[in-house]
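A short worksheet on the structure shown next.
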There are 6 protein chains.
Amino acid sequence: MSDSWLPSLKTDTPQAGFELAVKLSRMAVKITQPSDDVRSHLRAAYEQDAAQLIAASQVVAVHFQTVAAANNWWR
Amino acid sequence: MSDSWLPSLKTDTPQAGFELAVKLSRMAVKITQPSDDVRSHLRAAYEQDAAQLIAASQVVAVHFQTVAAANNWWR
Amino acid sequence: MSDSWLPSLKTDTPQAGFELAVKLSRMAVKITQPSDDVRSHLRAAYEQDAAQLIAASQVVAVHFQTVAAANNWWR
Amino acid sequence: MSDSWLPSLKTDTPQAGFELAVKLSRMAVKITQPSDDVRSHLRAAYEQDAAQLIAASQVVAVHFQTVAAANNWWR
Amino acid sequence: MSDSWLPSLKTDTPQAGFELAVKLSRMAVKITQPSDDVRSHLRAAYEQDAAQLIAASQVVAVHFQTVAAANNWWR
Amino acid sequence: MSDSWLPSLKTDTPQAGFELAVKLSRMAVKITQPSDDVRSHLRAAYEQDAAQLIAASQVVAVHFQTVAAANNWWR
């Protein structure tokens, strides 16, 4: 976590904002479970599990609210 | 993800905004599980599962908040 | 979905806004599971399941936030 | 649902607002499961279930956000 | 619930606001399950259950949003 | 909890704000389960559990909304 991975919440487009929301979702998991090996192992399972995919997309949705507000909804 | 699928959060009507929220919900799943085959397989199961349908509609609700704010609630 | 079912988020009263939030919750499920038969079948089960009733009421709560904001909280 | 049960989101105090949030949470369940008998039966079970009590308190929290905003946070 | 337990959402510091959010989370459970004995019994179990601890901290997070907004984020 | 652990919601950068959101998520768990031993034991299990990692990252997402708003989205 020593490197800078989140210099700004500003993005040029809504789509880039959505991709940032996906990144934020993954970083929270990475901070809690820093092992790349364990995360890869878990991902292989949950990518086949609809309930977990939906839960993950809920996290993206909450982060997208934040990023959209930061960008004044790209109005 | 190379194509542009989210040029704007603006929609003409609340209903078009709701449909955009549904699209955003699906894109988050698609980014995490890019295989069309796997997603089709999972969808066949969860469409019969009330708990997962409710969870999916929760994601839509969060995205609809974002889209509605972006459109100043179509006031 | 071709008919217009959401012309506006404006309602005359908070109670009508709450009923609109319930409608929005149901429409998200309907878009994902369009079969009336399947939804009726699922509803018969989940209406007897406290966890699912609570989850459904959470979706209503999120939509009610959106509708209330759209109506400037009926102040 | 024909009676008026939600004339306003305004309350005199934060505490009355919290009680309104509890009421809103219960009304969403009541609309989905109108039978008093079934709800009483379900409540007897979920009142003994920590996971469901926590889920119910999450719904209250979301409604309390709405009510608090409607009252300009009783500032 | 006859006593006044929530006179205001204002707190002197963010930390006091966080503690108020914890209190709000507990009050919602208390209103649904008023028995101190039952709640103590449930708490002994869920304090050992990571999933329920996380769910409880989600409720705190939603209430903290409300309290922080009420205090203009202690800016 | 007697020490001051949350003097402000202001951070210099979005990344520091994200780290504060992680801290807030952990403090809510710590307040409910103050035993370091029990939390360490629970963490060892949930770090291997995708569903719980996703749930934890949802809590971070909600707190990050609060911190981002407190910092005017670092605009």
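The values are calculated or read from the model by the stated rules, or taken from the named source; none is laboratory data. None of the values given here were measured: they were computed from a predicted structure. Cβ sites come from the backbone with ideal geometry, for glycine too, and all protein chains shown count toward neighbours. Side chains included, ligands, DNA and RNA excluded: accessible areas come from the protein's heavy atoms. Shrake-Rupley method; radii C 1.70, N 1.55, O 1.52, S 1.80 Å.
Details
- Shielding of F:38-44 by partner chains, average beta-carbon count, 10 Å: 3
- Label points for D:Val38 are taken 7 Å from Cα along Cα→Cβ. From this copy to the others they lie 2.1, 2.1, 3.7, 3.7, 4.3 nm apart, shortest first.
- Cα pair distances in the stretch D:16-75, grouped into 5 Å bins until the bin that holds the longest one, percent each: 4, 18, 23, 23, 17, 8, 5, 2, 0
- Taking all protein chains together and rolling a 1.4 Å probe, C:Asp12 ends up with roughly 150 Å² accessible.
- Ordering A:Ser35, A:Gly17, A:Gln52 by the projection of their Cα atoms onto the charge dipole of chain A, which places +1 on the Cβ of Lys and Arg and -1 on the Cβ of Asp and Glu, puts A:Gly17 at the extreme positive end.
- Accessible area (Å², 1.4 Å probe, nearest 10) - C:Glu47: 40
- Formal net charge of residues neighbouring F:Asp36 (Cβ-Cβ distance under 11 Å; K, R +1; D, E -1): +2
- Copy-to-copy label separations for F:Arg26, where each label sits 7 Å from Cα toward Cβ, in nm and ascending: 2.3, 2.3, 4.0, 4.0, 4.6
- log10 of Debye I(q)/I(0), alpha-carbon scatterers only, for the protein assembly as shown at 0.05, 0.08, 0.09, 0.14 Å⁻¹: -0.16, -0.42, -0.55, -1.55
- Accessible surface buried once F binds A (1.4 Å probe; total of both sides; Å²): 2400
- Cα centroid of the stretch C:1-55 to Cα centroid of the stretch B:18-75, whole Å: 15
- Counting only protein heavy atoms and a 1.4 Å probe, the stretch B:14-70 has 34 square angstrom of accessible area per residue.
- Each residue of the stretch E:44-54 is assigned a 3J(HN,Hα), and the resulting list reads 4, 7, 6, 5, 9, 10, 4, 4, 6, 5, 5 Hz, derived from the Karplus form 6.51 cos²θ - 1.76 cosθ + 1.60 (θ = phi - 60°), x at Gly and Pro.
- The accessible surface of the stretch B:14-70, taken with every protein chain in place and a 1.4 Å probe, is 52 percent carbon and sulfur.
- For a straight C-alpha distance cut-off of 25 angstrom, the lysines reachable from D:Lys10 (same-chain residues fewer than eight places away being disregarded) are C:Lys10, C:Lys23, D:Lys23, D:Lys30, E:Lys10, E:Lys23, E:Lys30.
- Across the identical copies, the label point of C:Trp5 (7 Å from Cα in the Cβ direction) is separated from its matches by 2.3, 2.3, 4.0, 4.0, 4.6 nm, in order from shortest.
- Semi-axes of the equivalent ellipsoid for the stretch D:1-51, Cα gyration tensor, largest first, Å: 24, 17, 7
- With all protein chains modelled, accessible area of D:Ser35 [1.4 Å, Å²]: 40
- Counting, for every residue in B:19-30, the Cβ atoms of other protein chains within 10 Å of its Cβ and taking the mean gives 5.
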